[in-house]
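What follows is a set of notes on a single structure, which appears directly below.
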Amino acid sequence: ATPLGAVSSAPLSSIVERALAASDNDTMEILFRHIGRDGGDGSLDASRTRLHDLLVERKIWADGMQIADGSGLSRDNRVAASALAGGVALAASEEEPDLRSVLLGMPVAGAEGTLLERFVEPGTEAGRGVVRGKTGTLTGVSSLAGYMRDKDGAILVFALSLIHI
């Protein structure tokens, strides 16, 4: 048959960068479901299982963690700061160059995305334009994971979660 048309997706790296920069929870959920199609049916359970296995293989999974969804909006998610930092460190490593889009998609402090109005208070100027990170905010909890370079060019990775009482 003669093709009537064709559509090509943007490269996965571009989709990841855009989803992180815009904090696009819908796209993150879709990507999560695609993980579940790797050896599974793309269901929520298959996606949870595959993500767990990937993080265990890379020694990022922490005891007590629970993944409820891919968007990060479920209140049932329990992700350790060490796992967030481990993921950023892996993306920055020589071992996983295909994950570089994770670093590039993180907004720059004081300049763009969810960090546009962060690092703008007195005493935080040193991080402005230097820190790149991804926020996570739900009622009662805020988190930030990301990286920066020190004066010698080494990558410093961080992750923190704050529970509001």
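The values are calculated or read from the model by the stated rules, or taken from the named source; none is laboratory data. Here the structure is a predicted model, which is why all the values come from computation and not from measurement. Every residue, glycine as well, gets a Cβ built from its backbone with ideal geometry; the counts of neighbours run over all protein chains shown. What goes into the accessible areas is simple: the full protein's heavy atoms, side chains included, and nothing from ligands, DNA or RNA. Shrake-Rupley method; radii C 1.70, N 1.55, O 1.52, S 1.80 Å.
Worth pointing out:
- In the range 45-62, the residues that are in a helix (DSSP H, G or I) and open to solvent by 50 Å² or more (accessible area, probe 1.4 Å): D45, R48, T49, R50, H52, D53, V56, E57
- The residue that is surrounded by the fewest Cβ atoms within 10 Å (Cβ to Cβ), counting only those in the range 1-26 that are of a type in the set (D, E, K, R) and over 18 Å from A68 (Cα atoms), is R18.
- Residues that are open to solvent by 40 Å² or more (accessible area, probe 1.4 Å) and basic (K, R) number at least 1 in the following strands (runs of 3 or more DSSP E) confined to the range 70-165: 132-138, 141-149.
- Cross-chain or 6+ apart pairs with Cβ under 6 Å, the range 20-46 first and under 30 Å from E112 (Cβ atoms) and of a type in the set (D, E, K, R), then in a helix (DSSP H, G or I) and open to solvent by less than 90 Å² (accessible area, probe 1.4 Å): R33/S47
- Of all residues in the range 27-44 being acidic (D, E) and outside any helix (DSSP H, G or I), the one that is surrounded by the most Cβ atoms within 10 Å (Cβ to Cβ): D38
- Qualifying residue in the range 18-29 (condition: under 19 Å from the mean Cα position of the chain (by Cα) and farther than 27 Å from L138 by Cα): no
- Within the range 127-155, residues that are under 21 Å from D69 (Cα atoms) and in contact (Cβ under 8 Å) with a residue 40 or more places away in the chain sit with their Cβ atoms under 8 Å from residues that are surrounded by fewer than 15 Cβ atoms within 10 Å (Cβ to Cβ) and among the basic types (K, R), at 6+ positions apart or across chains, in these pairs: L138/R75.
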